[in-house]
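Step one of this worksheet: look at the structure below.
FYI, it's all coordinate maths here, none of it is from the lab. Just so it is clear, the model here is predicted, and its values are computed rather than measured. Please note: Cβ atoms are built from the backbone with ideal geometry, for glycine as well, and neighbour counts cover all protein chains shown.
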Amino acid sequence: MLIRTRKSVSWVPWLSLIRAPWLLSLLLVLLLTGCASAPPWVKPAPDYAAAPHAEGPFVSVEQELRAKNGTDYSGFNLLERSDRALLWRLTLIDSARHSIDLQYYVWFGDTLGRLMMDRVIKAADRGVKVRILFDDLSTMLHDMTHVEMRDSLLYRIDRHPNIQIRVFNPWEDRSLFGRVVGMASDFKRLNRRMHNKQMIVDNRAAIIGGRNLGDEYFGLNPEFNFHDLDVLGIGPVARQASQVFDRYWNSEWVRAIPKLAAEGEVPPEDEFSAAAIRSMMANPSLQAIEAGRTDWAAQIAGLPGLLAAGRSEVHTDSPSRSAETQNHMPDAIRALMRSAKIELLITNAYIIPDANFMTDLHDLGERGVKVRILTNSLASHDVPAVNSHYEKWREPILATGAQLYELRSDAEMRGELAEIPPLRGEFVGLHTKAMVIDRQRSFIGSMNLDPRSEILNSEMGVIVDSPPLAEKLAERMLRDMDGANSWQVIRTDEGELRWRSRAGELSRQPARSFLQRVENVIFKFFPVDLY
């Protein structure tokens with residue numbers, strides 16, 4: 001079942017952004033779908049990642065890193081370009097010998113989602129043990145604008161002897177109608193979502209960052225694509241990431257995918273048939289980057305030359321939520337910001353400051369630390385509601401002495417970084433969550449600087465102590481702040497805000513359309529703590 005809606009699910013509650021004109025249509029469909037009974041939920045037995053095997057494609061890479069730098073060093077490579085972010089995921093999956101663990105907020109059923117799942121299934125066919133953990137939102141989304149109830153498909157995949165699928169904080173009633181009722185009757189619990197994004201292969205290689213698994217995060221969406229960031233890590237960082245995965249995998253907030261499919265022989269799924277995969281791989285962008293290849297020996301052989309050595313700490317929030325627990329990530333980010341002595345660079349897609357954030361900016365300014373911040377403009381936003389609550393903070397941020405930049409929706413770098421040619425989207429949005437402190441340490445992860453990430457969601461990220469990596473990331477962040485890619489927000493001597501870029505100067509915030517400006521006003525009336 002596909003239901004067209006107008007909403008973004010990149011990080012907000014799944015119903016909070018449905019436009020009123022579409023809500024009536026959705027509710028009519030829900031009334032027709034009826035209400036299914038609750039599924040037979042199973043609390044899975046504890047299960048933990050195995051220690052790294054002595055053989056595998058990444059063993060020699062890790063050994064070389066250890067010999068040159070020491071046992072506590074990992075190697076890191078920034079995955080900024082959409083094509084590289086996709087190809088390195090395929091490299092890890094296709095090269096896996098022993099295990100693949102994947103933890104994601106959303107894993108859509110679109111082109112990218114099906115490509116990834118097909119390769120994961122093929123890895124399981126080779127004998128690789130696969131564990132998949134995603135937020136329960138993934139069981140009801142085909143892509144960012146279509147609802148698709150996917151329990152049956154996912155259960156059939158889960159029946160593969162080498163694949164386990166679990167979901168975080170599930171709805172009890174699995175029908176769409178039941179989920180709407182559940183949000184109304186159990187909102188406090190269901191409003192907490194798992195926003196983590198990572199994958200680990202053979203307990204030696206990991207990818208951690210901001211990307212969900214969907215077309216717009218990998219340059220494959222014809223409407224718009226995100227400028228996003230992950231980091232590939234080889235070495236101890238993979239074991240640190242595994243500890244996070246296991247903590248969630250065995251949490252009381254996690255359940256096995258419900259057994260809704262009929263017993264007996266499982267028929268092949270149309271979307272993973274040989275014909276369907278051939279049709280999918282005919283996508284011009286996938287053909288342009290040769291995504292159909294499966295031999296990555298040359299890429300792995302060249303990996304040592306791409307890696308910057310550094311020590312790492314992988315941070316996360318507790319998967320559980322009770323009156324006695326609170327999120328860890330805000331304190332970790334705050335401590336990182338406060339540690340800056342010379343320079344702090346922040347790129348974050350969704351910013352709605354709180355008092356602590358503003359106090360920290362003020363203190364950094366008082367100490368002479370140069371602070372530069374890049375976030376979305378209204379024009380580049382996929383979630384106008386965030387801008388509605390962010391815009392009042394522009395002047396206070398500038399008053400601390402920080403420089404403020406907002407991404408241009410027509411950023412010059414989009415063709416190189418956010419899109420995979422020949423595809424050309426209508427606009428580019430920012431989805432990166434990154435910091436660089438004194439060109440020494442870097443943060444890359446899933447956490448936005450807003451109430452939802454601070455209070456409601458679970459988040460994760462990696463802090464890397466590596467001057468070479470920090471320098472590379474700083475160069476890229478400053479490139480994004482250039483006038484070809486962003487608007488600098490300034491305050492004139494008369495106290496008026498202006499937006500300056502190579503495109504000129506504007507006296508009001510840039511927007512893609514009049515409708516976007518209307519939405520920006522409407523969402524001011526929604527509670528800020530939803531976002």
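Summary of values
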| item | result |
| --- | --- |
| Förster radius 25 Å - calculated FRET efficiency between ASP363 and ILE490 (Cβ-Cβ, nearest 0.05) | 0.65 |
| For region 129-201: rounded, prolate or oblate by the Cα gyration tensor [a/c cutoff 1.5] | prolate |
| Dipole in debye (nearest 20) - the chain, about Cα centre, beta carbon charges: Lys, Arg +1; Asp, Glu -1 | 160 |
| Most positive-pole-ward Cα, THR145, GLY178, ALA291, against dipole of the chain from beta carbon charges | GLY178 |
| Size of electric dipole in region 131-173: Cβ of Lys, Arg +1 and of Asp, Glu -1, about Cα centre, debye, nearest 20 | 320 |
| Computed E for ALA67/ASP354 - FRET, C-beta separation, R0 45 angstrom, nearest 0.05 | 0.50 |
| Pairwise FRET efficiency - THR145 versus ALA275, Cβ, R0 = 30 Å, nearest 0.05 | 0.70 |
| Region 466-531 shape via C-alpha gyration tensor axes, a/c threshold 1.5 | oblate |
| Helix-derived mean residue ellipticity, 222 nm - over the chain, DSSP H n ≥ 4, -39500 (n - 2.57), to 500 | -9500 deg cm²/dmol |
| Above-threshold pairs, the threshold being 21 Å between Cα atoms, out of LYS370/LYS433; LYS197/LYS433; LYS197/LYS524; LYS433/LYS472 | LYS197/LYS524 |
| Region 382-524 shape via C-alpha gyration tensor axes, a/c threshold 1.5 | rounded |
| Cα-centred dipole magnitude for region 42-175, charges only on beta-carbon of K, R (+1) and D, E (-1), debye, nearest 20 | 380 |
| Extension gain (nm, one decimal) between ARG517 and ALA45, 0.36 nm per residue minus Cα-Cα | 164.9 nm |
| Packing-based order for 462-469, 392-399, 491-498, using average beta carbon neighbours within 10 Å, highest first | 462-469, 392-399, 491-498 |
| Rounded to whole Hz, the Karplus (6.51, -1.76, 1.60) HN-Hα couplings of region 186-198, x for glycine and proline | 9, 4, 4, 6, 6, 6, 8, 10, 8, 9, 4, 9, 6 |
| Paramagnetic reach from ALA184 (point 7 Å along Cα→Cβ, amide N under 17 Å) across region 128-154 | none |
